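S.K.: Quick one: this structure, given as structure tokens, is what I'll be asking you about.
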Amino acid sequence: MKNSILHQLEILQKASRKLIRLSDKETTIVLNELADETLKNSAFLLAENKKDLERMNPDDPKFDRLLLNEKRLQDISNDLRKVASLPSPLYKIIEERIQTNGLEIKRISVPIGVIGIVYESRPNVTFDVFALCLKSGNASVLKGSRDAHFSNIAIMEIIQKVLSKYDLKEVTYLAPSERESLEHILSADQFIDVIIPRGGQGLIDFVRKNSRVPVIETGAGIVHTYFDKSADLEKGKKIIENAKSRRVSVCNALDTLIIHKERLDDLLQLLKNLDHLHHCEIFADTSSYSILKDNYSKNLLHRAEKSDFGTEFLSMKMSVKTVENIDEALDHIMEFSSKHSEAIIAEDAEVLEYFLKNTDAAVVYANTSTAFTDGGQFGLGAEIGISTQKLHARGPMGLRELTSYKWIVKSDGQIRK
């Protein structure tokens, strides 16, 4: 397996040079054609996806991530067209100047080169990653999970069909889904420029600890919303319900509601729809449990253990933490946050600014649902992931974050004394 993978990566690296010569107009044509082919082959894609779904328990939180249907394929096709229509991030002048010695110095954006993506259970990522990499001039190595084995092979078949028409078949590579192939991808620093893991904390930790290739961490979101004593109840109800229930299996879904002790009497109202409409399980600390025990659905209410904080549930579950003040809320977030998305609901302007300034996360919200942490919602188009680190990129990573830069220096024969 190792020799086969390394051979394919070598071919990929050489083929990546073709993308430098590819015009943005040509890239747009390829992506729009792929959008068409996706819909034309929807029956095939859904049949292959069904093979994967049949191997997974429908109660598994990953089931929703794995699922493809007609609407999701239409959304994927639309997203491909959106990426195609975005301005190219390449060869933009970042800065330029002429030195006193006559050197003309310019810094321009360029492709990173070869990008490896390691991801779990989400076949739509195969489309997204390929499109973003192509648009930004990068070759792509895609390492999906065994859960989406048949789906990813089918998707790559459609991608390769389109690429073959333009002599670009080798600019993307779907690595074997077997777990054993991952170690060969992570050690291929001679062929891959950066690895981006997308998935749970376990996957991210494994990639970070075992990769010889530089890593950009994305994905795991342990998300908090703090309901301050100055918060508006109606705003809070809508924001909390949306952040938790809009789509529970994504990384920006709410995991822990932090509530000021002076607003505990409003807790039942805040969680009313989560109880009656969404049947959300609640893991409540001592103070919040005493408020909920007689009115929240008994089969959905549990006393919180410490392990219920700092957990990315990815399902209709949420913990509740009571605090004395905003500093205690910030301390709790600092201890348990994955630095993905954090929010405050408050009307006190000073409290809002204090929270925004003192919260260390890629995205910090005021009176807003964390469901907006998404490249499309930020105007970036599709995203490669949500970076939770601080080097190179942070937050939603779109096309611009998939570029590096180089210096161009010209002169009329200058030499250095």
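S.K.: Do we have Tyr405 as farther than 23 Å from Asp255 by Cα, surrounded by fewer than 18 Cβ atoms within 10 Å (Cβ to Cβ) and modelled with pLDDT of 95 or more here? Spell out how you get there, then give the answer.
M.R.: Details: farther than 23 Å from Asp255 by Cα: yes; surrounded by fewer than 18 Cβ atoms within 10 Å (Cβ to Cβ): yes; modelled with pLDDT of 95 or more: yes.
Against the criterion (farther than 23 Å from Asp255 by Cα, surrounded by fewer than 18 Cβ atoms within 10 Å (Cβ to Cβ) and modelled with pLDDT of 95 or more), Tyr405 qualifies.
S.K.: Something else: Please enumerate the residues belonging to segment 129-151 that are under 22 Å from Lys50 (Cα atoms) and not in a helix (DSSP H, G or I).
M.R.: Leu142, Lys143, Gly144, Ser145
S.K.: Pairs needed: first member in segment 174-188, in contact (Cβ under 8 Å) with a residue 24 or more places away in the chain; second member anywhere, of a type in the set (Asp, Glu); C-beta distance under 9 Å; at least 6 residues apart or different chains.
M.R.: Ser177/Asp147
S.K.: Go over the candidates Val207, Val129, Val215 one by one and state the one that is β-branched (Val, Ile, Thr), surrounded by 19 or more Cβ atoms within 10 Å (Cβ to Cβ) and closer than 22 Å to Leu90 by Cβ.
M.R.: So the residue among Val207, Val129, Val215 that is β-branched (Val, Ile, Thr), surrounded by 19 or more Cβ atoms within 10 Å (Cβ to Cβ) and closer than 22 Å to Leu90 by Cβ is Val129.
S.K.: For segment 11-46, which residues satisfy the criterion of being surrounded by fewer than 12 Cβ atoms within 10 Å (Cβ to Cβ) and of a type in the set (Gly, Ala, Ser)?
M.R.: Passing the criteria: Ser23, Ala43.
S.K.: Another question about this same structure. Might you let me know whether segment 215-225 holds any residue that is touching a residue at least 24 places away in the same chain (Cβ under 8 Å), within 29 Å of Ile11 (Cβ to Cβ) and of a type in the set (Ser, Thr, Tyr)?
M.R.: Step one: of segment 215-225, the residues touching a residue at least 24 places away in the same chain (Cβ under 8 Å) are 216-225.
Now narrow it down to the ones that are within 29 Å of Ile11 (Cβ to Cβ): 216-219.
Subsequent filtering for residues that are of a type in the set (Ser, Thr, Tyr) retains 218.
Taking every residue of segment 215-225 in turn, at least one turns out to be touching a residue at least 24 places away in the same chain (Cβ under 8 Å), within 29 Å of Ile11 (Cβ to Cβ) and of a type in the set (Ser, Thr, Tyr).
S.K.: Go through segment 174-229 and give me each residue that's out of contact with any strand residue (DSSP E or B) (no Cβ under 7 Å at 6 or more places or on another chain), at pLDDT 95 or above and basic (Lys, Arg).
M.R.: Arg212
S.K.: Now a separate question. What is the one condition in (1) under 21 Å from Asp79 (Cβ atoms); (2) surrounded by fewer than 24 Cβ atoms within 10 Å (Cβ to Cβ); (3) not acidic (Asp, Glu) that Arg179 does not satisfy?
M.R.: Failing condition for Arg179: (1).
S.K.: Scan segment 145-183 for residues that are small (Gly, Ala, Ser), under 25 Å from Leu22 (Cβ atoms) and within 22 Å of the chain's Cα centre (by Cα) and report the count.
M.R.: Looking only at that region, the number is 1.
S.K.: State whether one or more residues within segment 379-396 are modelled with pLDDT of 95 or more and surrounded by 23 or more Cβ atoms within 10 Å (Cβ to Cβ).
M.R.: There is no residue in segment 379-396 that is modelled with pLDDT of 95 or more and surrounded by 23 or more Cβ atoms within 10 Å (Cβ to Cβ).
S.K.: Can you go through Glu350, Glu324 and tell me which one is farther than 22 Å from Gln269 by Cβ, assigned by TED's automatic domain parsing to the domain that holds Asn252 and not hydrophobic (A, V, I, L, M, F, W, C)?
M.R.: Numbers: Glu324 fails: farther than 22 Å from Gln269 by Cβ.
Among Glu350, Glu324, only Glu350 is farther than 22 Å from Gln269 by Cβ, assigned by TED's automatic domain parsing to the domain that holds Asn252 and not hydrophobic (A, V, I, L, M, F, W, C).
S.K.: In segment 135-161, which residues are free of Cβ contacts under 8 Å to residues at least 40 places away in the same chain and more than 24 Å from Gly200 (Cα to Cα)?
M.R.: Within segment 135-161, Glu157, Gln160 meet the criteria.
S.K.: Take the residues of segment 370-417 that are free of Cβ contacts under 8 Å to residues at least 40 places away in the same chain and in a strand (DSSP E or B): which is farthest from Thr126 (Cα to Cα)?
M.R.: If we take residues in segment 370-417 being free of Cβ contacts under 8 Å to residues at least 40 places away in the same chain and in a strand (DSSP E or B), then Gly395 is farthest from Thr126 (Cα to Cα).
S.K.: With the condition being farther than 19 Å from Gly236 by Cα, I'd like the helices (runs of 4 or more DSSP H) fully within segment 250-353 carrying at least 1 qualifying residues.
M.R.: 286-292, 326-336
S.K.: For Gly116, which of the numbered conditions (1) in contact with a strand residue (DSSP E or B) (Cβ under 8 Å, 6 or more places away or on another chain); (2) surrounded by 23 or more Cβ atoms within 10 Å (Cβ to Cβ); (3) closer than 24 Å to Ala43 by Cβ fails to hold?
M.R.: Every listed condition holds for Gly116 apart from (3).
S.K.: Return yes or no: is Lys229 among the charged types (D, E, K, R) and either exposed (fewer than 15 other Cβ atoms within 10 Å of the Cβ) or over 16 Å from Ser287 (Cα atoms) (or both)?
M.R.: Spelling it out, it is not the case that Lys229 is among the charged types (D, E, K, R) and either exposed (fewer than 15 other Cβ atoms within 10 Å of the Cβ) or over 16 Å from Ser287 (Cα atoms) (or both).
S.K.: Next question. Can you find even one residue in segment 248-259 that is polar (S, T, N, Q), more than 15 Å from Ala346 (Cβ to Cβ) and either crowded, with 20+ Cβ neighbours inside 10 Å or modelled with pLDDT of 95 or more (or both)? So that I can check it myself, show each step before the final result.
M.R.: Here is the first cut: in segment 248-259, the ones polar (S, T, N, Q) are 249, 252, 256.
Of the ones still in play, those that are also more than 15 Å from Ala346 (Cβ to Cβ) are 249, 252, 256.
Next, only the ones that are either crowded, with 20+ Cβ neighbours inside 10 Å or modelled with pLDDT of 95 or more (or both) stay: 252, 256.
Yes: one or more hits.
S.K.: Residues Ser319, Ser288, Ser338: which one is within 17 Å of the chain's Cα centre (by Cα) and crowded, with 17+ Cβ neighbours inside 10 Å?
M.R.: Unique residue meeting the criteria: Ser338.
S.K.: Now for a different question. Being crowded, with 22+ Cβ neighbours inside 10 Å, in contact (Cβ under 8 Å) with a residue 24 or more places away in the chain, hydrophobic (A, V, I, L, M, F, W, C) and more than 16 Å from Thr256 (Cα to Cα) is the requirement here; does Phe355 meet it? Give the derivation first.
M.R.: Numbers: crowded, with 22+ Cβ neighbours inside 10 Å: yes; in contact (Cβ under 8 Å) with a residue 24 or more places away in the chain: yes; hydrophobic (A, V, I, L, M, F, W, C): yes; more than 16 Å from Thr256 (Cα to Cα): yes.
Yes; evaluated as a whole, the condition is true for this residue.
S.K.: I'm trying to understand the selection: among the residues of segment 243-257, which are closer than 11 Å to Lys317 by Cα, in contact with a strand residue (DSSP E or B) (Cβ under 9 Å, 6 or more places away or on another chain) and not aliphatic (A, V, I, L, M)?
M.R.: Those that are closer than 11 Å to Lys317 by Cα, in contact with a strand residue (DSSP E or B) (Cβ under 9 Å, 6 or more places away or on another chain) and not aliphatic (A, V, I, L, M): Lys244, Ser245, Asp255, Thr256.
The values are calculated or read from the model by the stated rules, or taken from the named source; none is laboratory data. Everything numeric here is computed off the predicted structure, so don't read it as measured data. Note: ideal-geometry Cβ built from the backbone for every residue, glycine included; neighbour counts use all protein chains shown.
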